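In what follows, a single structure is set out as structure tokens and then discussed.
The values are calculated or read from the model by the stated rules, or taken from the named source; none is laboratory data. Quantities reported herein were computed from a predicted structural model and do not represent experimental measurements. In this analysis, Cβ positions are derived from the backbone assuming ideal geometry, glycine residues included, and neighbour counts consider all displayed protein chains. To get the accessible areas, we keep the full protein, side chains included, count just its heavy atoms, and leave off ligands, DNA and RNA. Shrake-Rupley method; radii C 1.70, N 1.55, O 1.52, S 1.80 Å.
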Amino acid sequence: MDIATKYNPLEIEDKWYKYWIDNKIFKSVPDDREPYTIVIPPPNVTGVLHMGHMLNNTIQDVLIRRARMQGKNTCWVPGTDHASIATEAKVVGKLKEQGIKKTDLSREEFMKHAWEWKEEHGGIILEQLKKLGASCDWDRTAFTMDEKMSESVIDVFIDLYNKGYIYRGIRMVNWDPQAQTAVSDEEVIYKELNSKLYYLRYKIENTENEWVTIATTRPETILGDTAVCVNPNDERYKHLKEKKVLVPLVNRSIPIIYDDYVDMEFGTGALKITPAHDIHDYEIGHKHNLQSIDIFNDDGTLSKNAQLFIGKDRFVARDEIIPELEKAGNLVKIEDYVNKVGFSERTDAVIEPKLSMQWFCKMKKLAQPALDHVLNDDIKFHPAKYKNTYRHWIENIQDWCISRQLWWGHRIPVYYLPKGEFVIAKNAEQALNLAKEKTKDNNLTINDLKQDEDVLDTWFSSWLWPISVFDGIRNPDNKDIKYYYPTDDLVTAPEIMFFWVARMIIAGYEYLGEKPFKNVYFTGIVRDQQRRKMSKSLGNSPDPIKLMKIYGADGVRVGMLLCSPAGNDLLFDENLPEQGRNFSNKIWNAFRLIKQWQVDESIAQPEHTKKAIEWFDAKLNKAIEQLDDNFLKYRLSDALMTVYILFWNEFSSWYLEIIKPAYQQPIDKVTLDKTINFLEKLLKLLHPFMPFISEEIWHLIEERNHGESILTTLMPKADKYDINIIENFETTKNVISSIRTIRKDKNIPLKDALTLNVKSNGKKYNNYFDSIISKLANLSEINLVSNKKDENSIAFMVKTLEYYVPLQGMINIDDEIEKLTKELEYNKGFLSSIMKKLSNNNFVQHEPAKVVDNEKTKKADAEMKIKSLEKRIESLRFEI
């Protein structure tokens, strides 16, 4: 068989992926086997593969391939998320390039453009995952706006509304002026900024020169002020009861109110109240029945209600209002101030607190089972440290704002009647029937109904994902949901623990009375060497597709996994995939070496290969046992390292070296067969991590039937093994390495046989692996001796035994004397420098005793070394 000299991943990866797809290796249907299920965290339909996806999906593929090789019926469901905000922004941007405004289109026209964009770009990331080797059941590919998924979302909205969990109301929400929609608390990222604190004075009404000074970071919002609030216990302001002040620039008269909420120590102790633009002000305003004046348009510009700076952006207005306040005599001072500001996770726009009519879902009661089942480990978190973060969020859960002011998404199934009433229905026809029933007006037509313009939060569909991909909302008794649910492992990032993980758990218990998954594996964040999160804006994120072209998919997978323990960040460096590629080359070269050997069935098996097979068999079984434990504890990085060391260090560097026949000599059949058996087992252990090269070599070992794959074979199981054999061989390794060091130091060629003397002194010497020591160290004999080492031998210790290698006649004496003389001169120079230090009274008297004692130890060691070298040189000269 002609085997390429170098391993070329680009030539084989597409070949084997097509083979797996053509032979439906990844396909799953319910049967009598134990199921193992993973649902992919659906990437945004707008997305392209980044390093975070690479890590997450590599881990999922490792788990699913291993489970398949354990005989389980594995099902990995792929799919994408419609990503309302991100996708709508992409479509609006594309239309803008064509000179089309969203506002110029009807909803139907816009949705046509959006679906066209989705069809053109929506499958990119899934195709890229195939390059990675993702073994998904692609026939099950789901999209959160598919018909069955959409119907499930609408059914859940209706159900929760009928149960009293969903309600509509005007509340303070997080408003994203760029996307022009509300976003949930979890979609707000707080950043610490260097801001300014503006001290402004408000004139007390009907006084000549009395003022109240407030401090604010947002001077533009004074235009929406409807009160100034002070603490009732603050002596400075007790005389102002029932007084009013004038809002600067607009001279609106507003009351001074009293509330314990105000911190007397912050700023001046007086707080401006803007109920329409601050959550705490809103609560105070509601409590004191204050007017709310919304001074912002949806795009963050100032509205007519502001009276000033109308149509200008809020930040422009902030800059322009300061000189006006100074001119009017209302600006007292400006101080530097560090504060936290909320940004939209999707658009990075500064969030604007805004009063808005929205739909909400009550969460407190719904969430309780989701807390209990995580705390009692019915659902296990890996690592477990995230349980505390999860518990804190669930215990403090707020009502969920589920409406978004967008067109792309699941339109809220609420239909408004002419008099402001509404009905909740799956479609317009059903809504009309309900409306007639509600109003007793049979003359109503569909044209009299108007559906809510908003769509549901993207996460309102994603929280149903483990259920809806198996159609478990619409058909809770179907065979797929009964077989595959609950799923087994969820692999995700901790930053979406609240957005997604917690809500899926809530939905699982609400709709199926069962957990959605048994384990949650939290990955770390992929960072660069400066510990910065990888991002396009920083330009520090490599293109995964390019990496796979350079290092191969297996190389990149290994590189990602070698240093990514669960929950800990991965510091990415291109040395990692390079290390993975080097490992691929090591595997390939080991295989080529084995296939080059010619077998001779007539020759007997040598003793050293018998012993090598016995040792490696024990080593392999111990490694399988360790591997099983690693996977049980979700230590995937450790699992890979276990196989990596087993193949590179034990199999390639030791086992193959022991059994390798002499140059141009054949190997016996028993040893070759056993070696190929070992190789096959190793390839199976490697397959979940390195699917492509393992499949390629498995097929090159021998001809396989069409449709066969290493992926459909069973993973090796650990047999019993003798730990003493493994421990004894570690001693053997040390002996061989020590002899090799002597050869190197003394320039003794490997072809020159040496003798090894073992000083027993009554201690038991285990000679079990002597045949291996003799071969690898090229020894003519191994002797047990009781006499002391002579001057012509070099000694070394392994554990408690002393070994001697006689060198009489093995070395060039003149060269050795020259080498030892140089070493002697170096040590004398070193001793001289130590003596200078110790003869310096200033050093001895003023340095710490520990430092002085350390120098004295160096002196004694140097003197001993010099004495030994002089003795050795004298002995060699005597030989001459």
Averaged over all viewing directions, the convex hull of the alpha carbons in the range 402-550 casts a projected area in nm² of 14.1
Proximal aspartates and glutamates to K586, defined as alpha-carbon separation beneath 19 angstrom and excluding residues fewer than eight positions away on the same chain: D2, E11, E13, D554, E574, E578, E650, E657, E680, E695, E696
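Quick check for me: using +1 on Lys/Arg Cβ and -1 on Asp/Glu Cβ, what's the dipole size of the range 713-810 about its Cα centre, in debye to the nearest 20?
120
Over the range 528-622, calculate the relative contact order: mean separation of alpha carbon pairs under 8 Å at least 6 apart, over the residue count, as a percent.
23
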In the range 36-54, which residues have a backbone nitrogen under 20 Å from the label point lying 7 Å from K549's Cα in the Cα-to-Cβ direction? 48-54
Of the range 477-499, those with amide N under 13 Å from the point 7 Å along the Cα→Cβ vector of W393 are 492-499
Per-residue counts of other Cβ atoms within 10 Å, averaged by peptide: what ranking do you get for 70-81, 631-642, highest first? 70-81, 631-642
Among all the aspartates and glutamates, which ones have a C-alpha under 12 Å from K365's C-alpha, if same-chain residues fewer than 8 places away are not counted? E395, D399, E510
Are any of the pairs K163/K518; K203/K272; K660/K720 more than 21 Å apart by Cα-Cα distance, and if so, which? K163/K518; K660/K720
Förster radius 51 Å - calculated FRET efficiency between K340 and K595 (Cβ-Cβ, nearest 0.05): 0.20
When we measure straight from the Cα of K828, which aspartates and glutamates land under 19 angstrom away, once same-chain ones fewer than 8 places off are left out? E816, E818, E855, D861, E863, E870, E874
Between Q178 and A4, Cβ-based FRET efficiency (R0 35 Å, step 0.05) works out to 0.05
Residue separation between K850 and D14 times 0.36 nm, minus their alpha-carbon distance, gives in nm 294.5 nm
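Within the chain, what whole-number % of the accessible surface is contributed by carbon and sulfur, with the 1.4 Å probe and all protein chains included in the calculation? Mind dumping the intermediate values first?
Details: 19900 of 41650 Å².
Looking at the chain in its full context, I get 48 percent from C and S.
Please report, in debye to the nearest 20, how large the charge dipole of the range 141-249 is about its Cα centre when each Lys and Arg carries +1 at its beta carbon and each Asp and Glu carries -1 there.
Charge dipole of the range 141-249: 680 debye, to the nearest 20.
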Cα-Cα longer than 25 Å, checked against K90/K549; K130/K595; K595/K681; K788/K822; K112/K533, kept in input order, equals K90/K549; K130/K595; K788/K822; K112/K533
Tell me, what is the percent relative contact order of the range 645-734, built from C-alpha pairs under 8 Å that lie six or more residues apart? 22
Row for the chain, column shape: gyration tensor on C-alpha, a ≥ b ≥ c, rounded if a/c < 1.5 i.e. under 1.5, prolate if a/b over b/c, else oblate; value oblate
Choose one of W115, I170, W76: the residue whose Cα lies farthest towards the positive end of the charge dipole of the chain (beta-carbon charges +1 Lys, Arg; -1 Asp, Glu; about the Cα centre). W76
Taking 0.36 nm per residue of separation and subtracting the Cα-Cα distance, what length does fully extending I446 through N233 add? 70.7 nm
Would you mind computing, in nm to one decimal, how far apart the modelled labels at N433 and A328 are, each placed 7 Å from Cα along Cα→Cβ? 6.0
Just to verify a number: FRET efficiency for N840 and E791, C-beta to C-beta distance, R0 = 45 Å, to 0.05? 0.75
Positive-end extreme of charge dipole, the range 691-827 - chosen from Y826, Y803, A718 (charges on Cβ): Y803
When DSSP assigns beta bridges and you keep just the ones with both residues in the chain, what percent turn out antiparallel, to the nearest 5? 70
Just name one of V526, V212, V758: the one whose Cα is farthest towards the positive end of the charge dipole of the chain (beta-carbon charges, Lys/Arg +1, Asp/Glu -1). V758
Normalised contact order of the chain, rounded percent, pairs of Cα under 8 Å and 6 or more residues apart: 12
Size of the dipole of the chain about the Cα centre, Lys and Arg at +1 and Asp and Glu at -1 on the beta carbon, nothing else charged, in debye to 20? 1600
At 0.36 nm per residue, minus the direct Cα-Cα distance, what do K102 and N478 gain on full extension? Give it in nm, one decimal, please. 131.2 nm
